[in-house]
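Participant: I'd like to ask you about the structure that follows.
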Protein chains: 2
Amino acid sequence: MGASKSDLFTKQQNDIATMAKALAHPARIAILQYLYKKNACVCGDLVEELGLAQATTSQHLKELKNAGLIQGTIEGASVCYCLHPAVWKQYQELFAGFFKEVKLSKTCC
Amino acid sequence: MGASKSDLFTKQQNDIATMAKALAHPARIAILQYLYKKNACVCGDLVEELGLAQATTSQHLKELKNAGLIQGTIEGASVCYCLHPAVWKQYQELFAGFFKEVKLSKTCC
DNA sequence: TTATATTATCGTAATATTGCGATACGACAA
DNA sequence: TTGTCGTATCGCAATATTACGATAATATAA
């Protein structure tokens, strides 16, 4: 098969998994960190920054855009990327909520 | 290719990506939620709970064990699983730290 | 010992991801 | 218009993931 059976799980479970998948590659983590360290729009210098081919970098950017984590605005000939604050906050809260549900006090094994 | 070029990125970036990958499937989210909702060791009933085949469930459990998130202790004929508190806390802090680094005040696009 | 119950592993098929070269597309400059 | 620069998309190859049936491994029950 290969396709995950998303209909077996709740929307929340699928949402968390989808968000985690967007973060499940070091190149995408690097892109996000670069964007928020610069704290500004970044135009063009991501390819040199990452060390991956231009096509590969563009593909990772597309996935981050699909996940809603970043947005790109056309600035003349190039495109400027920055974080999407609302979605970022949403991710932050979803993960924080997921981790906080646990009561780790009781150990049983 | 298909293999990600982990040598291009920092250890922290690879760590976050690896942890995210462990959470990047709804079945694994469901397992973790079931474990912490029960707040106890769970022996055996995970297969009925998930609706996936026994082999598939076992495979997801193995990945969570490899990620360190859960631990299993042999209890007679069956195996009891529960969360690994220390690693869970580590995940929580790594993600929280990753999300907190950002300054979302300045929007530029 | 033999049977049964529970979990792990093997082998295989279907699909997804990662990466890159080649190429197309869009905006601007000459 | 023609050329150039920056980005996106296409097509392909290599590898990874997901899923399951079959089978092995282990512990207990009969």
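Participant: Check off (1) under 16 Å from A:Ala20 (Cβ atoms); (2) of a type in the set (Ser, Thr, Tyr); (3) touching a strand residue (DSSP E or B) at 6+ places or on another chain (Cβ under 8 Å) for B:Tyr36 and give me the number that stays unchecked.
Facilitator: Failed condition: (1).
Participant: Which of the following residues is within 25 Å of B:Leu32 (Cα to Cα) and under 14 Å from the mean Cα position of the chain (by Cα): A:Gln92, A:Gln33, A:Gln71, A:Gln59?
Facilitator: After ruling out the rest, the residue left standing is A:Gln92.
Participant: Scan the stretch B:57-78 and give yes if some residue there is on the phi > 0 side of the Ramachandran plot and in contact with a Ser or Thr (Cβ under 7 Å, 6 or more places away or on another chain), otherwise no.
Facilitator: Initial filter on the stretch B:57-78 (on the phi > 0 side of the Ramachandran plot): B:68, B:76.
Now restrict to residues that are in contact with a Ser or Thr (Cβ under 7 Å, 6 or more places away or on another chain): none.
The answer is no; no qualifying residue exists.
Participant: Check off (1) more than 10 Å from DNA strand C (Cβ to nearest atom); (2) within 9 Å of chain A (Cβ to nearest Cβ); (3) within 24 Å of A:Gly97 (Cβ to Cβ) for B:Leu52 and give me the number that stays unchecked.
Facilitator: Going through the list (1) more than 10 Å from DNA strand C (Cβ to nearest atom); (2) within 9 Å of chain A (Cβ to nearest Cβ); (3) within 24 Å of A:Gly97 (Cβ to Cβ), B:Leu52 breaks only (3).
Participant: Please determine, by comparing only the residues of the stretch B:57-82 that are within 10 Å of DNA strand D (Cβ to nearest atom) and hydroxyl-bearing (Ser, Thr, Tyr), which one is nearest to B:Leu46 (Cα to Cα).
Facilitator: Here the residue is B:Thr57.
Participant: How many residues, within the stretch A:23-46, are within 16 Å of DNA strand C (Cβ to nearest atom) and either open to solvent by 50 Å² or more (accessible area, probe 1.4 Å) or part of a loop (DSSP other than H, G, I, E, B) (or both)?
Facilitator: Number of matching residues: 6.
Participant: Select from the stretch A:60-87 the residues that are out of contact with any strand residue (DSSP E or B) (no Cβ under 8 Å at 6 or more places or on another chain) and in a loop (DSSP other than H, G, I, E, B) and write down the one among them that is most open to solvent (accessible area, probe 1.4 Å).
Facilitator: Per the criteria, the residue is A:Ala77.
Participant: Which residue pairs have Cβ atoms under 6 Å apart, sit 6 or more places apart or on different chains, and have a first residue in the stretch B:18-46 that is more than 19 Å from B:Tyr91 (Cβ to Cβ) and more than 7 Å from chain A (Cβ to nearest Cβ) and a second that is of a type outside the set (S, T, N, Q) and within 11 Å of DNA strand D (Cβ to nearest atom)?
Facilitator: Going by the 6 Å Cβ cut-off, the qualifying pairs are B:Cys43/B:Glu75.
Participant: Then there's this: Which of the residues that make up the stretch A:7-22 are open to solvent by less than 70 Å² (accessible area, probe 1.4 Å) and near DNA strand C (Cβ under 10 Å from one of its atoms)?
Facilitator: A:Ala22, the sole residue that qualifies.
Participant: Among the residues of the stretch B:91-106, is any more than 13 Å from DNA strand C (Cβ to nearest atom), surrounded by fewer than 14 Cβ atoms within 10 Å (Cβ to Cβ), over 23 Å from A:Asp15 (Cβ atoms) and more than 7 Å from chain A (Cβ to nearest Cβ)?
Facilitator: Yes, the conditions are met somewhere in the stretch B:91-106.
The values are calculated or read from the model by the stated rules, or taken from the named source; none is laboratory data. Bear in mind the structure is a predicted one, so any value in this text is a computation, not a measurement. Virtual Cβ from ideal backbone geometry, glycine too; neighbours counted across all protein chains shown. To get the accessible areas, we keep the full protein, side chains included, count just its heavy atoms, and leave off ligands, DNA and RNA. Shrake-Rupley method; radii C 1.70, N 1.55, O 1.52, S 1.80 Å.
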